[in-house]
Amino acid sequence: MSLPGSVFADIPADAPVAVGFSGGMDSAVLLDLACGVFLAPGRLRALHVNHGLHDDAGKWEGFCRGACAERGIPLEVLRVGVAKSGASLEGRAREARYGAFRKTLAPGEFLLLGHHLDDQMETLLLRLLRGAGLRGLTGIPGRRALGRGLIFRPLLHCERRELADYARERGLAWVEDASNRDIGFDRNFCRHEILPLMGRRWPGYRRDWERSRQLIGRADGLLDELAGIDLARCAADKANCLRVDRLRQLGRPRLHNALRCWIEAGTGRPADPGKLRRLPDGLILPEQEIRAEIEFGEHFVRKYHDGLYLLPRLAPVEQDYSVEWNPSRQPVLALPGNGSLHAKPVSGEGLAGKSYRVRYRQGGESCRLARRPTKTLKKILNEARLAPWLRNRLPLLHDGENIAAIPGIGTAESALAGETAYQIEWRNPY
């Protein structure tokens with residue numbers, strides 16, 4: 001049999017293409033098909049991930065190098081580290097693999113992966129057994145963003161037997177991973193025991209399940225549209241922030257749906273279901289101020305006054321950081337890992353155009369802002385409602401030992417300019 005080159009029809013004519021090449025049959029078929037379509041020099045390459053988990057990992061890498069050399073295709077080997085102990089070795093290997101892909105993809109590059117219809121059926125069954133929701137039951141996506149590029153799975157409509165027939169007719173060589181026969185792994189048990197039995201009883205189950213999966217995908221799309229409506233209504237005038245008062249007006253199912261979409265869009269990862277369920281009672285519904293936060297991967301969700309924030313977790317600033325800055329000579333000052341300061345000329349009240357020392361909060365500071373009494377810095381920041389996670393990151397302008405300006409909040413009485421004045425803005429890294 002032959003597989004049509006039209007499986008690549010959705011890839012733009014000038015887009016760079018990479019094939020995920022494990023050396024197995026599926027990826028061997030995909031590489032062969034890609035070689036017949038993406039002929040322009042420098043357009044096609046292959047990526048092989050060596051997890052270092054199997055005794056034959058080196059042999060598989062060698063096979064892939066040889067196969068690509070025969071075709072004149074450049075191969076990049078990505079070596080990743082995966083801990084051998086702990087839960088879900090397969091899941092940890094997958095995370096490491098996609099993390100490596102994410103780092104290496106060029107802007108707009110299509111990463112082709114060889115998942116097929118039988119992979120989709122296995123995934124659907126496993127997720128159903130684990131109690132997945134609508135999003136999980138949409139199965140393996142045919143296309144999605146990854147880093148600066150995109151993942152594209154052109155063979156999802158093909159059965160495994162079709163790929164096997166193609167590989168034999170083309171005389172393709174591939175490597176076999178003996179662990180794929182171990183039915184101690186859930187996926188292998190589905191592949192070798194459950195689904196063949198299903199196929200004997202109901203030969204057309206793949207197409208029927210695929211139709212159901214597509215209907216589930218449409219329902220999930222409607223929920224995304226509803227979440228978009230709810231999130232637009234709950235959006236605050238600050239980035240990465242929702243209005244708590246409007247979130248409280250949503251029923252539990254709609255609230256859960258909106259929060260899931262918000263977190264997944266902000267983090268680029270599926271939201272942990274258990275943590276998602278804790279959000280309403282933990283941070284949204286209580287009337288009192290709560291200092292707790294809920295982590296979602298490298299991000300955290302926290303409530304402050306009337307806002308619910310989703311923010312990346314950043315490395316702490318160096319509290320002993322100190323640098324000289326003259327706003328009149330250098331309008332923008334980049335702060336290592338902490339955004340930047342911007343000086344804007346103003347007519348009227350503002351900071352004098354001279355050199356200042358930029359430092360971070362040390363504790364115990366006080367300041368007399370223009371036409372206000374002297375107060376502790378802590379009280380000033382509380383009154384300004386500066387979010388707690390920003391307070392130790394806030395850059396302060398000093399004139400000698402005295403605070404001359406608190407960016408975004410005010411200028412000290414003693415530092416006011418005569419004629420030429422500047423307003424100082426801190427564009428924080430969030």
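Summary table
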quantity	calculated
Criterion (within 17 Å of Ala28 (Cβ to Cβ) and assigned by TED's automatic domain parsing to the domain that holds Phe38) met by exactly one of Glu61, Glu95	Glu61
Residue tally, condition under 33 Å from the mean Cα position of the chain (by Cα) and more than 11 Å from Tyr360 (Cβ to Cβ), over segment 314-330	2
Scope segment 337-375; condition on the phi > 0 side of the Ramachandran plot and surrounded by fewer than 13 Cβ atoms within 10 Å (Cβ to Cβ); matching residues	Gly348, Gly363, Gly364, Arg371
Positions within segment 310-341 being assigned to a strand (DSSP E or B) and either among the basic types (Lys, Arg) or closer than 25 Å to Lys354 by Cα (or both), in sequence order	Ser322, Val323, Glu324, Trp325, Val332, Leu333, Ala334, Ser340, Leu341
Enumerated helices (runs of 4 or more DSSP H) restricted to segment 119-221, each holding at least 1 residues that are assigned by TED's automatic domain parsing to the domain that holds Ala106 and either more than 29 Å from the chain's Cα centre (by Cα) or among the β-branched types (Val, Ile, Thr) (or both)	160-170, 186-189, 195-201
Single unsatisfied condition, Lys375 versus (1) closer than 30 Å to Lys303 by Cα; (2) in contact with a strand residue (DSSP E or B) (Cβ under 7 Å, 6 or more places away or on another chain); (3) charged (D, E, K, R); (4) touching a residue at least 24 places away in the same chain (Cβ under 8 Å)	(4)
Which listed residue is surrounded by fewer than 17 Cβ atoms within 10 Å (Cβ to Cβ) and either touching a residue at least 24 places away in the same chain (Cβ under 8 Å) or closer than 30 Å to Asn257 by Cα (or both), from Phe152, Phe110, Phe185	Phe185
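The values are calculated or read from the model by the stated rules, or taken from the named source; none is laboratory data. Note that the coordinates shown come from a computational prediction; the quantities given were computed from them, not determined experimentally. In this analysis, Cβ positions are derived from the backbone assuming ideal geometry, glycine residues included, and neighbour counts consider all displayed protein chains.
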